[in-house]
C-alpha cells in the first residue's frame, strides 16, 4: 500500500511539470507551419498575416502586439501566452 501511495504521489507531482514543458514559440522567427501547429485557431491565412505583419512593421516588441493582426484577439493570446515569446 505504501508503494502505491508513493507512486501516486510521484505521478501527481510530475503531471504539472509535464504540462508546462511545452517549447516556447518565437513569434518573430516562427514559420507558417510552426505558427499553425502551435497556436490553436491560427490557420494558413492567419499565419501568413502574422508573418506579413512582422515583415511590414518589424519584429513584435511584445506578444500583445499580435492583436494588431486581423483575426487575432486578446483571448487567443491569453490562451497561448505561456508558449509564445518575442525572443529566444
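What to note about this one:
- Extension gain (nm, one decimal) between residue 33 and residue 61, 0.36 nm per residue minus Cα-Cα: 7.9 nm
- In nm, spacing of pseudo-spin labels at residue 2 and residue 45 (7 Å Cα→C-beta vector): 6.3 nm
- Ordering 46, 40, 2 by the number of other Cβ atoms within 10 Å of each residue's own Cβ, fewest first, gives 2, 40, 46.
- Evaluated at q = 0.16, 0.18 Å⁻¹: base-10 log I(q)/I(0), Debye formula over Cα of segment 23-85: -0.40, -0.52
Read the figures in this text as sums done on the coordinates, not as results from a lab. Small disclaimer: the values here were computed from a predicted structure and weren't measured. For neighbour counting, all protein chains shown are included, and Cβ atoms are generated from backbone atoms with ideal geometry for every residue, glycine included.
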